[in-house]
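Data first, discussion second: the structure below is written as structure tokens.
Each value in this text was obtained by applying a stated rule to the coordinates, not by laboratory testing. Since the structure is predicted, the reported quantities are computational estimates derived from the model, not experimental observations. Positions of Cβ are generated from backbone atoms using ideal geometry, with glycine treated the same way; all protein chains shown enter the neighbour counts.
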Amino acid sequence: MEQLALFNAFPRWTVTTLTRHLRQLLESDASLKDVWVEGEISNLARPASGHIYFTLKDSGASLRCVMWRNEATRLRLTLQDGLAVDVHGSISIYEAGGQYQLYADTIRPLGEGALYQEFLRLKAALEAEGLFDATRKRPIPQFPRRIGIVTSPTGAALRDMLNTLRRRLPITEVILAPTSVQGDEAPAGIISALQSLNRISAPDVILLARGGGSIEDLWAFNDEKVVRAIIESAAPVISGVGHETDFTLADFAADLRAPTPTAAAELATQVDVLELKASLAEIGGVLSSKIAALVQVQRESAAWLDNRLKFTSPERRLQTERQRLDEMSRRWYAAQVHGLQFAQEKFKGLENRLLALSPLAVLRRGYAVITKNKKVVTSTSQIQIDDPLTVRIQDGEFNARVMGNG
Amino acid sequence: MAKTETKPIDKLTFEQAYAELEAVVSALETGEQPLDEALALFERGKGLTKHCAELLDKAELKIQKLSGETLEPFEEKE
């Protein structure tokens, strides 16, 4: 067995170890872990396992490819032999088959790469024009009374948005501007929908939305004219196109970008019905406290006025007048009383004077009144000797006889 | 500055009622009305608040569809 010893000087491989070594060699090359390969599909096989097997060919070579079921179920593209595609994945070796192959994770129609380049070019151009500037973004109204929706009338996106709006703010009015959102006619449809919506309905905000799809499906939202129509929209636009990871030029142009249609409807209703009710209750409270304060102020000022009023009231003047009247009447009465006393005194004086003039008063001074046959004797010629006479003095009368000349 | 709204409250849309409510509150906040006017504003505000709350309670999303230049009701397909 000397020959064997000779061979022992070289490394000993089994098929397996060699193949594994080659595999590790390939896998250690970082540039082979992330490759885009362009070619034409042939030998396409889709067994029940769900994995996809095909060969990628061009005029000079061929490359075995496999796409595992996980990635295959996410594939939106319908594969067929002869289709020109871009395939992304990593290069490795299938040890059992002894074949190096491309483990594919993404397959795009050939030209989509070019589409992406076009996307980047247009984005840069519009960006340079300032169309995506943050300063251009208009504020989204907190409480939109009317929401415009530009989307397909049959898509799940519309249903999601309507459900969200119904749940959050059913007081809102929704105006749908239906349009196709996919295909050649989509850009013109979207532009026309935006324009009519603004012209006819003047919504407070517009939701521009579409459910998920391939980059080609979403391509209408990368159309330059669509971008300009969004910029020119009178109402602010919220975009909700595709999934969270999809960015379109419409998203950059929109005043607000939502990751999904549902999120767009949520962003359009920053205030929901519960918050509105709370704010109504608060307004009610503000009203009540305002009016209570006002009433209090008025009450105080009324009390003050009342005080002032009392000083100038007719009542008070009346009291004054009444007082004056009392005064006058008192004085009048006094005057009356005084007048009477005066009259009485005057009368008494008169009476006294009258009494003084009475002959009886003279009699008190010792005088007598002599009458003959009831006639007052005032002359000696009226009497003769022996004539009977009546003499009246102060306290009575007596008879007397004339005796002779005095 | 006091605007005289005479439209019956129950004829107002939520939008109108809410806008007027905001006007009433800010008018009252200036506090420059005579008392009777302020009380009238307050009563109006209370009515508007109630009306808004009622409208919210019974609100149903109103959906219309643009068809050419006109609006028509939109029927949702489940």
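Looking at segment A:215-313, the GluC sites (Glu not before Pro) that sit in a DSSP loop and have at most 12 other Cβ atoms within 10 Å of their own Cβ are A:Glu244. Between A:Glu173 and A:Arg146, A:Ile147, the built amide H atoms are under 5 Å apart, and every one of these is 5 or more places off in sequence or on another chain. Once R0 is set to 60 Å, what does the formula 1/(1 + (r/R0)^6) return for the Cβ-Cβ distance between A:Ala334 and A:Val391, expressed as a FRET efficiency to the nearest 0.05? With R0 = 60 Å, the Cβ-Cβ based efficiency is 0.65.
So what is Rg over Rh here for segment A:199-246, counting just Cα atoms and using Kirkwood for Rh?
Radius of gyration over Kirkwood radius for segment A:199-246 works out to 1.00.
With a cut-off of 13 Å between beta carbons, the residues surrounding A:Val150 carry a summed charge of +2, where Lys and Arg count +1 and Asp and Glu -1.
Computed extension length for A:Glu300-A:Thr106: 61.7 nm, one decimal, from 0.36 nm per residue of separation with the Cα-Cα distance subtracted.
Going by average Cβ neighbours within 10 Å, how do the peptides A:389-395, A:142-148 rank, with the highest at the top? Display every interim value, and only then the final one.
Values: A:389-395: 13.9, A:142-148: 20.9.
So the peptides A:389-395, A:142-148, ranked by packing, come out A:142-148, A:389-395.
Summing charges over all other residues whose Cβ lies under 12 Å from the Cβ of A:Leu207, with Lys and Arg as +1 and Asp and Glu as -1, gives -1. Once the chain from B:Glu60 to B:Glu22 is taken as fully extended at 0.36 nm per residue, the excess over their C-alpha distance is 11.3 nm. For A:Lys225, a cut-off of 16 angstrom between C-alpha atoms picks up these lysines, skipping any fewer than 8 places away in its own chain: A:Lys123. Charge dipole of segment A:132-271 (Cα centre as origin; +1 on each Lys and Arg Cβ, -1 on each Asp and Glu Cβ, all else neutral): 640 debye, rounded to the nearest 20. Other protein chain C-beta atoms within 10 Å of residue C-beta, averaged over B:64-72: 5.
Kindly express, to the nearest 10 degrees and within the range 0 to 90, the angle between helix A:273-312's C-alpha long axis and the longest C-alpha principal axis of chain A. Value to nearest ten degrees: 20.
The longest part of chain A holding none of the exposed loop chymotrypsin sites (Phe, Trp or Tyr not before Pro), meaning those outside H, G, I, E and B in DSSP with at most 13 other Cβ atoms within 10 Å, is A:14-366.
Counting only the Cα atoms, chain B fills a convex hull of 125 Å³ per residue. When the alpha carbon coordinates of the protein assembly as shown are projected onto the principal axes, the ranges are 238, 64, 43 Å, largest first.
With Cβ to Cβ distances under 12 Å as the rule, what net charge do the other residues near B:Thr13 carry (K, R +1; D, E -1)? For residues surrounding B:Thr13, the net value is +1. Of A:Val273, A:Val87, the sequence from fewest to most neighbouring Cβ atoms within 10 angstrom is A:Val273, A:Val87. Rounded to the nearest whole Hz, the Karplus-based 3J(HN,Hα) values (6.51 cos²θ - 1.76 cosθ + 1.60, θ = phi - 60°) of segment A:94-108 follow the sequence 8, 5, 4, x, x, 10, 7, 7, 9, 8, 8, 10, 9, 10, 10, with x at glycine and proline.
For the pair A:Leu120 and A:Ala278, a Förster radius of 41 Å applied to the C-beta separation gives a FRET efficiency near 0.30, rounded to the nearest 0.05.
Label-to-label distance, B:Glu72 versus A:Leu32, with points set 7 angstrom from Cα along the beta-carbon direction: 6.4 nm. Between B:Glu29 and A:Arg136, the modelled label-to-label distance comes to 3.5 nm, taking each label 7 Å out from Cα in the direction of the beta carbon. Ellipticity at 222 nm from helices only: DSSP H runs of n ≥ 4 in chain A, each -39500 (n - 2.57), divided by the residue count, give -14500 deg cm²/dmol.
Taking amide H as placed 1.01 Å from N in the peptide plane, A:Ala258 has its amide H under 5 Å from the amide H of A:Ser239, A:Gly240, A:Val241, each at least 5 places away in sequence or on another chain. Segment A:185-270: D in µm²/s via Stokes-Einstein (Kirkwood Rh, Cα pairs, 10 °C, 1.306 mPa s)? D = 127 µm²/s.
By the rule of a C-alpha distance below 25 Å, with chain neighbours fewer than 8 residues away ignored, the lysines paired with A:Lys277 are A:Lys290, B:Lys7, B:Lys11, B:Lys46, B:Lys50, B:Lys58, B:Lys62.
In terms of surrounding Cβ atoms within a 10 Å radius of their Cβ, A:Thr172, A:Thr262, A:Thr135, B:Thr70 rank from fewest to most as A:Thr135, B:Thr70, A:Thr262, A:Thr172. Loop-located trypsin sites (Lys or Arg not before Pro) in segment B:19-78 (DSSP state not H, G, I, E or B) with no more than 13 neighbouring Cβ atoms inside 10 Å: B:Lys58, B:Lys77. Were the residues from A:Thr312 through A:Ser381 laid out at 0.36 nm apart, the gain over their Cα-Cα distance would be 15.7 nm. Remark: A:Ile175, A:Ile230, A:Ile291 ranked as A:Ile291, A:Ile175, A:Ile230, counting other beta-carbon atoms within 10 Å and listing the fewest first.
Under the definition of partner shielding as Cβ atoms of other protein chains within 10 Å of a residue Cβ, what is the mean value for peptide A:276-286?
If you average over the peptide's residues, the count of other-chain Cβ atoms is 5.
Label-to-label distance, A:Met403 versus A:Gln195, with points set 7 angstrom from Cα along the beta-carbon direction: 17.3 nm.
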